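Right, one structure below, let's go through it.
The values are calculated or read from the model by the stated rules, or taken from the named source; none is laboratory data. All of these numbers come straight from a predicted model, not from anything done at the bench. Quick reminder, even Gly has a Cβ in these numbers, built from the backbone with ideal geometry, and neighbours come from all protein chains shown. Heads up: the accessible areas ignore ligands, DNA and RNA and are worked out on the full protein's heavy atoms, side chains in. Shrake-Rupley method; radii C 1.70, N 1.55, O 1.52, S 1.80 Å.
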Amino acid sequence: MRRIVATLFTVVCLMLMAERAWPQAMLEPPTNKYFVSTGSWGQKYPDQWALQRIGFDSSPDSAWRLVKANAQPVVVALIDSGLDWNHRNIDWDTIWKNPKEVAGNGIDDDKNGYVDDIVGWDFLDNDNRPWDYSGHGTFIAGIIAGSWKDKDGIAGINPFARLMVLKAVNNFGHTRASYLAEAIAYAADNGARVINLSVGDKEITPVEQAAVDYAYSKGVLIVAAAGNEGVEISNYGIASSDKVLAVASTGFDDERLVFSNWGKISVAAPGLDILSLRARRTDIMLDIEGAKYTAGAAYVGTDKRYYRASGTSFSAPMVSGLASLMLANDPSLTNRQLMQIIKSTARDVGVPGVDQYTGYGIIDARAALKAPKDYFLFAGISRVEVVQNSGKQAVRVHGTADANALKSARLEIARGDAPTNWTPVGMAKKSPGADDVLGDIPATAFKGATNWEIRVVVTHNDGSVREARFNLKLG
């Protein structure tokens, strides 16, 4: 008996040791036709170049290899023009199913106010068939969750996404604030962790702001396209809210595209010549007023099931795809942590430092998926003012300088535009707010020139550095 017990004990110990030693199975990159191909419409760059630019490629360092093979499903609300759920590149398992509703019984089983809302809701026609007659929503769905099983198609970013289809935009890209607000509230109440909003208007209404506040309080991350008018967005629809990630568009050279709105931008993602799904009987570009476009010119493939388009509408779902993949890998992440990590790990492009055109930079999927859940590194200058300090004039700098593990923060100045020689003028205070006092610079430091750059440089304990600049003109 003792020998049997000892043997069983040995076997259990060996099993536990093997379990600890066995490496966690990680996701392998997809092999879909359009993900691995180049030149499908005569171009010299990869068909899905945008995904590769943000870290989703086939290399040994692919961001996908940082994701557990058994990651958890994540509900992503697609608030848009609906979905062509019969597209072969949309797996039926990728579509969210309301677990509390019985299909076809004509009863509001879950008492949420919507009868038979099995896959979502059409807020325009007030029914449970959010079909896409525009193509816009289906295109976005493909970027987030195009099925890896369709080897002849494209690859979406997140194979663990479950799309909640909420139709709040008509065939011509128009909507009402009430539709958007109701769709946002529905998503928050029915389990969405991420909301993609590739839609906007000239200003955010009180009802939309209330819906955003409500969703944020429920732990939902809202990702919004910055818009394509090339204007400043401080009052531009939902993208102007501090409780969303506002996404700008970049091109092949990582520069902001001219149509991309600017201002309160959080991050950027590729938005030029993006390949995704074409909903049946649709041609998105035909609905764009003033666009020089020949019908069918953007179709891709002999079966015409795929489509090319540009815009911030198609940059936003790359951020939504990344955020939802991060949640699939670690469901305990909060919406605040997601926002902090995605911004703090973005790759700086364009004007050095955090800027109004690309925000913190182009999203970096590898860095975001590697980052600790409490990671953040922020820098910003909101404004400057002239003050009296100990009887002497000084320039007071306001903004942000903060990190979860702050090593240092300093203020520097330099003459002229795009300077390379910087002069340290003092340490900056740890400042978590958007408009906190970073420090005072003696007015005498600005002698000899009328055009100056001020910057705050924030260093994390891990060696990462983030900066922000402010142009000061005197006289």
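Which angle from 0 to 90°, rounded to the nearest 10, does the C-alpha axis of helix 136-145 make with the longest principal axis of the chain?
90
In whole Å and largest first, what semi-axes does the C-alpha gyration tensor of segment 430-475 yield when each eigenvalue is scaled by 5 and square-rooted?
25, 13, 10
What is the Å³ per residue value for the convex hull set by the Cα atoms of segment 297-447?
It comes to 164 Å³ per residue, whole-number rounded.
For a protection proxy built on the mean count of beta-carbon atoms within 10 angstrom, sort 426-433, 231-238, 452-459, 313-320 highest first, please.
Per-residue mean Cβ counts within 10 Å order the peptides as 313-320, 452-459, 231-238, 426-433.
Under a Cβ-Cβ cut-off of 9 Å, what is the net charge of the residues other than I454 that fall near it, where Lys and Arg count +1 and Asp and Glu count -1?
0
What order do you get for 345-352, 75-82 when each peptide is scored by the mean count of other beta carbon atoms within 10 Å, highest first?
75-82, 345-352
What percentage of the solvent-accessible surface of the chain, computed with a 1.4 Å probe over protein heavy atoms, is contributed by carbon and sulfur atoms?
On the chain, the fraction of accessible area on carbon and sulfur atoms equals 53 percent.
Find how much the distance from M427 to D374 grows on full extension, using 0.36 nm per residue of separation minus their present alpha carbon separation; answer in nm with one decimal.
In short, 16.6 nm is gained.
Going down the table (K100/K343; K218/K292; K392/K429; K111/K149; K264/K304; K97/K151), which pairs top 32 Å between alpha carbons?
Beyond 32 Å: K100/K343; K218/K292; K111/K149; K264/K304.
Return one number: the angle in degrees, 0 to 90 and rounded to the nearest 10, between the long axis of the Cα atoms of helix 177-189 and the longest principal axis of the Cα atoms of the chain.
With rounding to tens, the tilt is 70 degrees.
Please list, in chain and number order, the residues 5+ apart from L221 or on another chain whose amide H is under 5 Å from its amide H, with Hs placed from the backbone.
Amide H neighbours of L221: V194, I195.
For segment 215-361, what is the charge dipole size about the Cα centre, in debye to the nearest 20, if Lys and Arg each add +1 at the Cβ and Asp and Glu each add -1 at the Cβ?
Taking the Cα centre of segment 215-361 as origin, the dipole is about 520 debye.
If you split all Cα-Cα distances of segment 343-407 into 10 Å bins from zero, what percentages do you get per bin, shortest first?
Reading the bins upward from 0: 19, 37, 26, 13, 4, 0.
Determine which aspartates and glutamates satisfy two conditions relative to K473: a Cα distance under 13 Å, and not lying fewer than 8 residues away in the same chain.
E385, D417, E453
For segment 151-191, count all C-alpha to C-alpha pairs, find those more than 12 Å apart, and express that count as a whole percent of the total.
It works out to 70 percent of all Cα pairs.
How big is Rg to Rh over segment 366-475, alpha-carbon atoms, Rh as the Kirkwood inverse-mean-distance radius?
Radius of gyration over Kirkwood radius for segment 366-475 works out to 1.02.
Stretch Q72-A25 to full length: gain in nm at 0.36 nm per residue minus the Cα-Cα span?
15.6 nm
Could you grab the relative contact order for segment 207-320? Cα pairs under 8 Å, six or more apart, rounded to a whole percent.
27
What percentages make up the Cα-Cα pair-distance distribution of segment 101-142 when the bins are 5 Å wide from 0?
Bin by bin from 0 Å, the calculated values are 5, 24, 25, 20, 11, 12, 3.
With a 1.4 Å probe and all protein chains left in place, how much accessible area per residue does the chain have, in Å²?
44
At what distance in angstrom do the alpha carbon centres of segment 218-297 and segment 145-199 lie from each other?
15
If you put +1 on each Lys and Arg Cβ and -1 on each Asp and Glu Cβ, how big is the dipole of segment 111-206 around its Cα centre, in Debye rounded to 20?
280
Kindly express, to the nearest 10 degrees and within the range 0 to 90, the angle between helix 206-217's C-alpha long axis and the longest C-alpha principal axis of the chain.
The helix 206-217 is inclined about 80 degrees to the chain.
Test of understanding: express the Cα radius of gyration of segment 147-263 as a ratio to 2.2 N^0.38 Å, with N the residue count.
Compared with the compact-globule rule of thumb, segment 147-263 sits at 1.13.
Name the chymotrypsin sites (Phe, Trp or Tyr not before Pro) in segment 142-231 that are in a loop by DSSP and that have at most 13 other C-beta atoms within 10 Å, would you?
Counting only loop positions with at most 13 other Cβ atoms within 10 Å, the chymotrypsin sites (Phe, Trp or Tyr not before Pro) in segment 142-231 are F172.
How far apart, in nanometres, would the label points at N112 and D152 be if each is projected 7 angstrom from Cα along the Cα-to-Cβ direction?
For N112 paired with D152, the spin-label model returns 3.5 nm.
Regarding segment 70-164, what are the three Cα extents along the principal axes, ordered largest first, in Å?
39, 33, 18
Taking the Cα centroid of segment 421-437 and of segment 39-57, what is the distance between the two, rounded to the nearest whole Å?
40
Please state, rounded to one decimal and in Å, the Kirkwood hydrodynamic radius that the chain gives when every pair of distinct Cα atoms enters the mean of 1/r.
Final number for the Kirkwood radius of the chain is 23.8 Å.
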